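**Q** Dropping the structure in here first, questions after.
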Amino acid sequence: MVRWRLTRAEGILAGTSLDDILDNGGVLTGAPAAVPRHDDHAQAQAWLEQQFRGYLGGERPTWIILPDRERGERHLWQDLAAGQVEVGFGRSGVTLALSQINRLQAPATLVAIDRMPGLQPLTEVESRMRVDLDPDEAGLGLMLSLVDGRTDGSTDLTGLLEQARAVVAEPEVLFLPGTGSDGSLDRLLPALSALGNWGGKDVRWEFAEARIGPLGTVGSLFNWYWMHEGFRLGDWQGPVVMMDMDTSPLVGVSVADYNG
């Protein structure tokens with residue numbers, strides 16, 4: 001199994017530099033830094049395109065994950081990428097990108113960009129994050145990485161969970177999307193019975209975004225980096241499970257461990 005080091009993490013989370021958040025133990029001090037909301041779709045697209053262009057032309061194979069709401073504009077983004085980067089959408093797009101990088105077994109870069117509603121009316125919070133992945137003999141290992149890709153709304157979350165439970169009966173940590181109080185777990189409720197022992201007191205449920213605020217698609221990449229750093233610092237020994245899901249019909253479930 002190839003293993004991965006997640007390095008050169010950089011970006012802006014909820015309007016604050018990632019370095020400042022990490023220096024503060026992964027916690028955002030104060031309220032997310034909001035900016036005026038774009039008045040129309042064209043303005044929102046222009047901001048997203050500006051951020052997107054900033055990651056083109058890199059030396060490594062690069063995946064850029066955009067909000068799921070941009071999935072309908074897939075051809076626009078693929079044309080803009082002009083073959084320089086791979087484009088994905090939504091939290092499950094992070095799962096899919098990591099699976100593809102894992103198969104290639106070569107250095108790569110993973111980027112996520114999103115905007116979320118601010119706490120005040122007519123405001124938004126901007127986030128973007130970049131992480132380099134380097135194959136190594138020690139580091140993060142993907143034991144399982146699944147995406148249910150049915151866009152017709154018939155995603156079988158129960159089936160995904162059962163497949164993951166066949167790999168790890170009782171993980172140390174279950175990483176979940178969102179803050180735990182923002183409705184991001186609503187889709188999980190009908191499949192609670194499929195969690196089995198994962199819902200017990202011996203499995204820690206981790207909401208890394210709860211320390212910062214909703215980050216949208218960027219929250220998924222931050223969760224993966226937070227998982228990696230927790231392993232590296234000995235906060236958990238694993239194995240662990242990552243769930244990447246949002247309002248999209250697509251869901252990603254991964255099982256990971258770590259050595260070294």
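The values are calculated or read from the model by the stated rules, or taken from the named source; none is laboratory data. Predicted model only: the values in this text are computed from it and were never measured. Reconstructed Cβ throughout: ideal geometry from the backbone, glycine too, with neighbour counts over all protein chains shown. Side chains included, ligands, DNA and RNA excluded: accessible areas come from the protein's heavy atoms. Shrake-Rupley method; radii C 1.70, N 1.55, O 1.52, S 1.80 Å.
**Q** I'd like the accessible area for Arg3: 1.4 Å probe, protein heavy atoms, all chains in place, Å² to the nearest 10.
**A** 30 Å²
**Q** Average the reciprocal distances over every distinct pair of alpha-carbons in the stretch 1-97, invert the result, and give the Kirkwood radius in Å.
**A** 15.6 Å
**Q** Let me ask something else. About its Cα centre, how strong a charge dipole does the stretch 85-233 have in debye, to the nearest 20, once Lys and Arg get +1 and Asp and Glu get -1 at the Cβ?
**A** Dipole magnitude for the stretch 85-233 comes out near 120 debye.
**Q** Which semi-axes, in whole Å and largest first, does the equivalent ellipsoid of the stretch 148-258 have when worked out from the alpha carbon gyration tensor as the square roots of 5 times its eigenvalues?
**A** Output for the stretch 148-258: semi-axes of 21, 18, 12 Å.
**Q** Which value, in Å², gives the accessible area per residue of the chain when a 1.4 Å probe is used on the protein heavy atoms?
**A** About 45 Å² of surface per residue is accessible.
**Q** Given labels modelled 7 Å from the Cα in the Cβ direction, how far is it in nm from Ala210 to Leu119?
**A** Computed distance between label sites Ala210 and Leu119 equals 1.8 nm.
**Q** Considering all projection directions equally, how large on average is the shadow of the alpha-carbon convex hull of the stretch 12-51, in square nanometres?
**A** The orientation-averaged projected area of the Cα hull of the stretch 12-51 comes to 3.3 nm².
**Q** Considering amide H positions built from the backbone, and no H for Pro or chain starts, which residues 5 or more places from Ala9, or on another chain, come under 5 Å of its amide H?
**A** For Ala9, the qualifying residues are Asp132.
**Q** For the peptides 116-124, 4-12, what is the packing order when you average, over each peptide's residues, the other Cβ atoms within 10 Å and list the highest mean first?
**A** 4-12, 116-124
**Q** Carbon-plus-sulfur fraction of the accessible area of the stretch 187-260, 1.4 Å probe, in percent?
**A** 53 percent
**Q** Considering only protein heavy atoms and a 1.4 Å probe, what is the carbon-and-sulfur percentage of the accessible area of the stretch 110-179?
**A** Here carbon and sulfur together make up 47 percent of the probe-accessible area.
**Q** Same structure, new question: Along its principal axes, what span do the Cα atoms of the chain show, with the longest given first and each in whole Å?
**A** Reported extents, whole Å, longest axis first: 48, 42, 39.
**Q** What percent of all Cα-Cα pairs in the stretch 98-140 falls into each 10 Å bin, going from 0 up to the bin containing the maximum distance?
**A** Taking every Cα pair in the stretch 98-140, the percentages come to 23, 34, 20, 17, 6.
**Q** Moving to a separate point now. Checking understanding here: applying a Kyte-Doolittle mean of at least -1.0 and a length along the axis of at least 15 Å (C-alpha), which whole DSSP H helices in the chain pass?
**A** 91-104, 157-167, 217-233
**Q** How are the Cα pair distances of the stretch 60-207 distributed, in percent, across 10 Å bins from 0?
**A** 9, 32, 36, 21, 2
**Q** Separation of the stretch 197-248 and the stretch 53-80 by C-alpha centroid, Å?
**A** 24 Å
**Q** Leaving ligands, DNA and RNA out of it, report the carbon-plus-sulfur percent of the accessible area of the stretch 44-95 at a 1.4 Å probe.
**A** Solvent-exposed carbon and sulfur of the stretch 44-95 make up 43 percent of the total.
**Q** Which percent, to the nearest 5, of DSSP beta bridges fully inside the chain are antiparallel?
**A** Percentage antiparallel, nearest 5: 75.
**Q** Counting Lys and Arg as +1 and Asp and Glu as -1, what is the net charge of the other residues whose Cβ lies under 10 Å from the Cβ of Ala9?
**A** -2
**Q** Treat each spin label as a single point 7 Å out from the Cα along the C-beta direction, and report the Ala31 to Glu170 distance in nm.
**A** The modelled label-to-label distance comes out at 4.4 nm.
**Q** Peptides 40-46, 170-176, 249-255, 95-101: what's the order by average Cβ count within 10 Å, highest mean first?
**A** Those peptides, ordered most packed to least, come out 249-255, 95-101, 170-176, 40-46.
**Q** Simple spin-label model, 7 Å along Cα-to-Cβ: Leu233 to Gln45 in nm?
**A** It works out to 4.2 nm between the two label points.
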